[in-house]
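The values are calculated or read from the model by the stated rules, or taken from the named source; none is laboratory data. All of these numbers come straight from a predicted model, not from anything done at the bench. Positions of Cβ are backbone-derived with ideal geometry, glycine not excepted, and every protein chain shown enters the neighbour counts. Note: areas computed on protein heavy atoms with side chains; ligands, DNA, RNA excluded. Shrake-Rupley method; radii C 1.70, N 1.55, O 1.52, S 1.80 Å.
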Amino acid sequence: MFEIKVTKMNCGGCAKSVTRAIHGVDAGATVAVDLAAGTVAIASTAGAPVGRFVDAVRAAGYGADTLPLAA
């Protein structure tokens, strides 16, 4: 599991767009959006690298960067 920071994600519609972008990379991924924190936690079933998810979210029109894993 990994987490990305997403900017310009301000509403439920934005969260759905980001989730769709992530599912475009891995349809079986588990996605947990935290609108207040501006983060998305992703558990990939396809083993896709985090960079592919970041690129997909950016292509959907949002800013995205990886966050370090919590210890």
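Within the range 20-33, identify whether any single residue is over 18 Å from ASP55 (Cβ atoms), free of Cβ contacts under 8 Å to residues at least 24 places away in the same chain, open to solvent by less than 70 Å² (accessible area, probe 1.4 Å) and assigned to a strand (DSSP E or B), and answer yes or no.
yes
If you go through the range 42-56 one residue at a time, how many are surrounded by 15 or more Cβ atoms within 10 Å (Cβ to Cβ), small (Gly, Ala, Ser) and within 20 Å of PRO68 (Cβ to Cβ)?
Selection size over the range 42-56: 2.
Just to be sure before I move on: is ALA59 free of Cβ contacts under 8 Å to residues at least 24 places away in the same chain and either among the polar types (S, T, N, Q) or open to solvent by 70 Å² or more (accessible area, probe 1.4 Å) (or both) in the structure I sent?
So ALA59 fails the test.
Filter the range 23-39 down to residues that are under 11 Å from ILE4 (Cα atoms) and touching a Phe, Trp or Tyr at 6+ places or on another chain (Cβ under 8 Å), then give me how many there are.
The total comes to 0.
Within the range 1-19, can you find the residues that are in a helix (DSSP H, G or I), among the β-branched types (Val, Ile, Thr) and open to solvent by less than 20 Å² (accessible area, probe 1.4 Å)?
If the condition is that a residue be in a helix (DSSP H, G or I), among the β-branched types (Val, Ile, Thr) and open to solvent by less than 20 Å² (accessible area, probe 1.4 Å), then VAL18 is the only one that fits.
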